[in-house]
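Reading through the structure tokens given below for one structure.
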């Protein structure tokens, strides 16, 4: 499956969950955070692409419409069936929708993805 087909197929389940689309990026405004899903084409070509997730926290940032690479917590999902990806993304976002939850998960998340120091220090605040 190519990136364009994937984007067409993942759009309906994300839209049902309240996500708004802008190009290859979907965002969901949550209380205190923004969930971001981005479909990134491989720079090496060949039709490869990636599914990047991120959560941006308004408590430690001011961007109302962040890109995935600016998010305070980031993760890359394996490319699978779009319905499975949408479900996994929704679950990942729900577990990290609050800064305190993301801070609690920061140690294990750092081994699997990227968590910025501001999130780690939120538990101590």
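What follows is calculated from the coordinates using simple rules that are stated; it is not laboratory data. The shown structure was predicted, so the numbers you read here are calculated from the model rather than taken from an experiment. In this analysis, Cβ positions are derived from the backbone assuming ideal geometry, glycine residues included, and neighbour counts consider all displayed protein chains.
The condition of being over 20 Å from residue 118 (Cα atoms), crowded, with 19+ Cβ neighbours inside 10 Å and in contact with a helix residue (DSSP H, G or I) (Cβ under 6 Å, 6 or more places away or on another chain) holds for only one of 53, 28, 9, 14, that being 14. Per the conditions (1) surrounded by fewer than 21 Cβ atoms within 10 Å (Cβ to Cβ); (2) in contact (Cβ under 8 Å) with a residue 60 or more places away in the chain; (3) farther than 30 Å from residue 1 by Cα; (4) touching a helix residue (DSSP H, G or I) at 6+ places or on another chain (Cβ under 8 Å), the sole criterion not satisfied by residue 100 is (2). Here are some residues: 68, 107. Which one is farther than 27 Å from residue 6 by Cα and in contact with a strand residue (DSSP E or B) (Cβ under 9 Å, 6 or more places away or on another chain)? Within the list 68, 107, the selection yields 107. The strands (runs of 3 or more DSSP E) falling completely within region 1-106 that include 1 or more residues that are under 25 Å from residue 121 (Cα atoms) map to 25-30, 33-41, 49-57, 73-77.
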